[in-house]
Amino acid sequence: MKSAKAISTALLLAAVCLCPARAQCLDVAALSAAPGATRPADCQAGPGDRFDEQLSGMHEHLSRFAAGWVCMLNRNLLTNRGHMQISPRPDGCYAARYHEIDPRSVICLVRRTSLAKVPFFGVIKYKEMVFESVAESEAASRQGEFQVVRIINNQETFNFKNGSWN
C-alpha cells in the first residue's frame, strides 16, 4: 500500500500534468521562495493539495537546466538562423528555411522515482518552430520576412543522478 506522502505527491503531479497553470505556479513558487515571500493567489494550494518544497526545488533546478539545454540546441541545430537551408521552388523563387526552439514554449515536469540512485525523473517539452521566407533570389530570401510554417512538438526525458540532470 502506498504511503500518504507518495499519494499526495502523485496528486500534486497529476494536478501539474493536467493543469498548465499549476505547472507555471511551480516556477513562480520556486522563484519567490525567499524568506517571507508568499505564492501568488492563483498558485495557492487547493483543497487536498500539499505543496512539496523539495519537488519545487527540483523543478526550479530542471528549469535552469532546460534554459541552458534550449540555448545549446538552438546553437547546434543543423538549419538554424546562421545556417539557413535555401531551396529553389518550381515557380522560380527561393525559399530560405531555418529551425528555432521557442524558449517561451518550454514546460518542465518533475516526478519522484522509487529508485535511490535516480530519485527524480524530468520531462522537458518544447516547440521547435520552422521559419520560411520566399523571394526571387537566394540573397533576398535570406533577408526576407520569415513566417512560421510548421511547429514541431518535442519532448525529452532526463534522470537526476549524482546531482545533475542526464
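The values are calculated or read from the model by the stated rules, or taken from the named source; none is laboratory data. The structure displayed is predicted, hence computed values, not measured ones. Counting neighbours? That spans all protein chains shown, and the Cβs are built from the backbone with ideal geometry, glycine included.
Selection over the range 88-112 of residues that are farther than 16 Å from Gln147 by Cα, in a loop (DSSP other than H, G, I, E, B) and either aliphatic (A, V, I, L, M) or without any contact (Cβ under 8 Å) to a residue 40 or more places away in the chain (or both) gives a count of 3. When restricted to residues that are assigned to a helix (DSSP H, G or I) and of a type in the set (A, V, I, L, M, F, W, C), the range 65-87 contains 8.
Residue-level analysis places Leu62 outside the set of residues that are touching a residue at least 60 places away in the same chain (Cβ under 8 Å), closer than 15 Å to Asn159 by Cα, within 21 Å of the chain's Cα centre (by Cα) and not in a helix (DSSP H, G or I). Across the range 121-141, the qualifying residues are those that are free of Cβ contacts under 8 Å to residues at least 60 places away in the same chain and closer than 19 Å to Ser56 by Cα, and the one among them that is surrounded by the most Cβ atoms within 10 Å (Cβ to Cβ) is Phe121.
To keep it simple, each residue is scored yes or no on (1) surrounded by 12 or more Cβ atoms within 10 Å (Cβ to Cβ); (2) at pLDDT 95 or above; (3) on the phi > 0 side of the Ramachandran plot.
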site	(1), (2), (3)
Gln85	yes, yes, no
Pro88	no, yes, no
Tyr94	yes, yes, no
Arg97	yes, yes, no
Ile101	yes, yes, no
Ile107	yes, yes, no
Arg111	yes, no, no
Pro119	yes, no, no
